[in-house]
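Novice: Just dropping this structure here.
The values are calculated or read from the model by the stated rules, or taken from the named source; none is laboratory data. These numbers come from a predicted model, not from an experiment. All Cβ positions, glycine included, derive from the backbone under ideal geometry; neighbour counts span all protein chains shown. The area values use the complete protein model at the heavy-atom level, side chains included, leaving out ligands, DNA and RNA. Shrake-Rupley method; radii C 1.70, N 1.55, O 1.52, S 1.80 Å.
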Amino acid sequence: KEGAPMKNAALSKALTWLFIAQLLSIVALLPLVYNLRSLLGAAAGLLTLAALVRAAREESGYRAALVLCVANLVLGALSSVLLRWFIYFLIRILGTWAVQIVGALSALLSMAGMVLGLLILRQVCLTTAGLVDDPAVAARGIRAWRINLICTVAVLLLTAAVSALLKIGLDMEKLVGLSTAVTLLSAVAQLAARVLYLHFLWQSARCLSARD
């Protein structure tokens, strides 16, 4: 079709933007850029939104990812407001109970954000895998989605386990050590899964840009 080259070029550019957004989100996790974490996270979120808006214009499969992305951004903003503003008002009303309430709510919002992010990744992987001509690249997208699913479920289960141990009164020193180990293992697993996703996005963008 006459419009196919333009569509492929637009999708390739959108996937490149997604690649850059994912790269920014990974960089934001590094301790060296801790002071810039919020800025990098916001830039990654907005670039992801722009990429999905562009992709959704060309391929309907990305529209669900776009809706989920908007929901995730709203959820992130709500979580930020809750942590930075509401806690001060709740402390005056509820005292120390406010800290526990806000902590529980922020944890739930964080988990919801992880689930939404995973669903976005799934939609992008499956839609893109159906567009590329190279079966190896398409298979890599399916694999990236499945590995990210496993890592996300594992992180959620480990987080819930640590919270349960905290409630039953485990020795604080052991709990801190366990929590640190879980955090490090989760970070490494998620980083490895995200690198696979990055590789898939990059190769998919190249495949689409190489089409006539």
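Novice: Tally time: how many residues in segment 129-142 are crowded, with 16+ Cβ neighbours inside 10 Å and part of a helix (DSSP H, G or I)?
Specialist: Counting residues in segment 129-142 that are crowded, with 16+ Cβ neighbours inside 10 Å and part of a helix (DSSP H, G or I) gives 5.
Novice: Name the pairs: first residue in segment 138-167 and farther than 17 Å from residue 110 by Cβ, second residue open to solvent by less than 50 Å² (accessible area, probe 1.4 Å) and not in a helix (DSSP H, G or I), Cβ to Cβ under 6 Å, at least 6 apart or on different chains?
Specialist: These pairs meet every condition: 138/132.
Novice: Residue check: is residue 4 modelled with pLDDT under 90 and under 30 Å from residue 207 (Cβ atoms)?
Specialist: yes
Novice: Another one. Could you say which residue among 166, 116, 126 is at pLDDT below 90 and in a helix (DSSP H, G or I)? Quick ask: steps written out before the conclusion?
Specialist: On the way: 116 fails: at pLDDT below 90; 126 fails: at pLDDT below 90.
Exactly one of 166, 116, 126 is at pLDDT below 90 and in a helix (DSSP H, G or I), namely 166.
Novice: Quick check on segment 32-46: of everything there that is among the hydrophobic types (A, V, I, L, M, F, W, C) and out of contact with any Leu (no Cβ under 7 Å at 6 or more places or on another chain), which residue is modelled with the lowest pLDDT? Show your work before the answer.
Specialist: Our first condition is that a residue be among the hydrophobic types (A, V, I, L, M, F, W, C); within segment 32-46, this holds for 32-33, 36, 39-40, 42-44, 46.
So of that shortlist, the ones also out of contact with any Leu (no Cβ under 7 Å at 6 or more places or on another chain) come out as 32, 36, 39, 42, 46.
On the way: 32: 79, 36: 85, 39: 89, 42: 88, 46: 93.
The qualifying residue modelled with the lowest pLDDT is 32.
Novice: Name every residue in segment 44-67 that is in contact (Cβ under 8 Å) with a residue 40 or more places away in the chain, open to solvent by 40 Å² or more (accessible area, probe 1.4 Å) and within 16 Å of the chain's Cα centre (by Cα), in order of residue number.
Specialist: Matches in segment 44-67: 64 only.
Novice: Follow-up. Name the residue that is modelled with the lowest pLDDT, counting only residues in segment 146-163 that are touching a Leu at 6+ places or on another chain (Cβ under 8 Å) and open to solvent by 40 Å² or more (accessible area, probe 1.4 Å). Explain how you work it out, then say what you get.
Specialist: Let us first name the residues in segment 146-163 that are touching a Leu at 6+ places or on another chain (Cβ under 8 Å), namely 147-149, 152, 158, 162.
So of that shortlist, the ones also open to solvent by 40 Å² or more (accessible area, probe 1.4 Å) come out as 147, 149, 158.
Details: 147: 92, 149: 93, 158: 79.
Per the stated criteria, the residue is 158.
Novice: Related question: Consider residue 77 carefully, then state whether it is open to solvent by less than 90 Å² (accessible area, probe 1.4 Å), under 25 Å from residue 111 (Cβ atoms) and either in a helix (DSSP H, G or I) or modelled with pLDDT of 95 or more (or both).
Specialist: So residue 77 passes the test.
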